[in-house]
Amino acid sequence: MTAGVPHPPARAAAQPGRRWPDRRAAALHYAARGWQVFVLGRTKRPVANCEPCAGAGPDHDREACPCLTCHGFYAATVDPERIAAMLTAVPEGLLAIRTGAVSGLAIIDIDPRNGGRLDRTLMNPTATVATPGGGWHLYYAHPGRSLPGKLPGRIGVDIKTDGGLVVAPPSTPAGAARGYRWTSQPRPVEEMAPRLLDACQTRSGAPVPAATGTAKTSPTGLVGGGAISKPDALLAATLAAVDRAPQGRRRVTLYGAARGLARMVAADALNTLDAVDALTAVGARNQQTPRDIRGAIKGGFEAEGLPSPV
Ligand SMILES: [Zn+2]
Ligand SMILES: [Zn+2]
């Protein structure tokens with residue numbers, strides 16, 4: 001970084017329309033970079049689902065649904081024709097980006113209204129958006145692994161990654177005095193610095209100790225700092241606990257298992273889809289309804305600070 005260039009500038013220049021004159025130009029620019037875009041309502045709420053989708057059960061495949069704007073970020077696309085049609089269908093809609101591996105983005109979301117602050121010693125300079133609430137979205141390249149929904153140990157700092165979204169420039173939500181805007185200092189989307197990646201993956205914000213053969217392993221398979229030495233054994237033990245649970249305890253045990261697997265996901269010992277598959281299978285085996293299984297997964301992941309994968 002050139003000395004003297006603040007990151008981000010102490011005051012982001014308000015430049016509505018300077019780099020992209022309208023939503024459509026911005027949306028096409030993002031899509032050309034491989035960022036999946038969609039629209040939200042003016043209040044940041046998802047656009048209402050069509051009637052068939054609104055009435056569809058839990059088995060409805062939101063990812064494969066062909067509707068233009070149903071199911072929030074599941075409608076996101078890089079197809080210019082679909083994008084143009086979406087913008088026409090929701091003329092007042094806010095432009096949004098689906099975050100995560102699908103777009104190659106993991107975005108650090110700093111909200112000063114919740115106590116968040118930019119830490120220049122931790123967060124390396126990268127493409128940055130100033131938000132209407134006086135905060136920042138730091139656009140980083142997705143690291144290719146799951147990250148928690150919040151930066152551990154930091155108040156008011158979220159991580160928008162798989163299963164997430166951000167409102168993007170040049171959107172101005174209803175009631176906001178100003179919109180989302182790129183800071184006046186253009187920067188490329190950078191990789192997260194190793195120190196930042198470490199901080200993302202550690203519950204305490206301290207570096208994760210390597211899980212080596214000499215590491216002291218607890219009976220749960222967890223070693224100090226949250227690293228997991230024997231993920232297969234831990235996974236099997238967690239699922240077996242659900243199978244063993246007496247009838248009246250199955251629901252709460254499934255929730256506990258969901259939290260356990262969410263912690264494994266946060267520690268990068270298990271991927272999210274495998275966790276969902278395993279929990280769904282063990283729940284079904286123990287006569288839990290699809291609704292209860294989804295509830296357990298959602299509750300368990302969110303309790304561990306991760307976005308719900310269902
Ligand atoms: Zn629909
Ligand atoms: Zn649908």
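The values are calculated or read from the model by the stated rules, or taken from the named source; none is laboratory data. Keep in mind that this is a model prediction, so the values were computed, not measured. All Cβ positions, glycine included, derive from the backbone under ideal geometry; neighbour counts span all protein chains shown. These accessible areas exclude ligands, DNA and RNA; they are computed on the full protein's heavy atoms, side chains included. Shrake-Rupley method; radii C 1.70, N 1.55, O 1.52, S 1.80 Å.
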Only one of these is in a helix (DSSP H, G or I) and under 30 Å from ALA199 (Cα atoms): ALA284, ALA278, ALA240. Name it.
ALA278
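Yes/no per residue for (1) assigned to a strand (DSSP E or B); (2) modelled with pLDDT of 95 or more; (3) of a type outside the set (Val, Ile, Thr):
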| residue | (1), (2), (3) |
| --- | --- |
| TYR140 | yes, yes, yes |
| SER146 | no, no, yes |
| ASP158 | yes, yes, yes |
| VAL166 | yes, yes, no |
| GLY175 | no, no, yes |
| PRO186 | no, no, yes |
| MET192 | no, yes, yes |
Restrict the check to segment 200-222 and report whether at least one residue is open to solvent by 30 Å² or more (accessible area, probe 1.4 Å) and at pLDDT 80 or above.
yes
So, in segment 163-195, exactly how many residues are open to solvent by less than 40 Å² (accessible area, probe 1.4 Å), aliphatic (A, V, I, L, M) and closer than 30 Å to VAL276 by Cα?
5
Of the residues that make up segment 72-90, is at least one in contact with a strand residue (DSSP E or B) (Cβ under 7 Å, 6 or more places away or on another chain), among the aromatic types (Phe, Trp, Tyr) and assigned by TED's automatic domain parsing to the domain that holds THR43?
yes
Test result for ARG62, more than 16 Å from ligand 2 (Cβ to nearest atom), part of a loop (DSSP other than H, G, I, E, B), assigned by TED's automatic domain parsing to the domain that holds VAL167 and open to solvent by 30 Å² or more (accessible area, probe 1.4 Å)
no
Filter result for VAL157 (closer than 16 Å to ILE97 by Cβ and among the aliphatic types (A, V, I, L, M))
no
Considering residues that are open to solvent by less than 10 Å² (accessible area, probe 1.4 Å) and assigned to a strand (DSSP E or B), the number found within segment 104-136 is 9
Exactly one of ALA85, ALA101, ALA76 is under 15 Å from ALA26 (Cβ atoms) and at pLDDT 95 or above, and that residue is ALA76
Looking at segment 233-250, which of its residues are touching a Gly at 6+ places or on another chain (Cβ under 8 Å) and open to solvent by less than 40 Å² (accessible area, probe 1.4 Å)?
LEU234, THR238, ALA241, VAL242
Taking the condition more than 13 Å from ligand 1 (Cβ to nearest atom) and either modelled with pLDDT of 95 or more or not β-branched (Val, Ile, Thr) (or both), does GLY134 pass?
yes
Over segment 74-116, the set of residues within 14 Å of ligand 1 (Cβ to nearest atom) and in contact with a Leu (Cβ under 9 Å, 6 or more places away or on another chain) is ALA75, ARG82, ALA85, MET86, ALA89, VAL90
Taking segment 33-56 on its own, how many of its residues are open to solvent by less than 90 Å² (accessible area, probe 1.4 Å), more than 9 Å from ligand 1 (Cβ to nearest atom) and without any contact (Cβ under 8 Å) to a residue 24 or more places away in the chain?
2
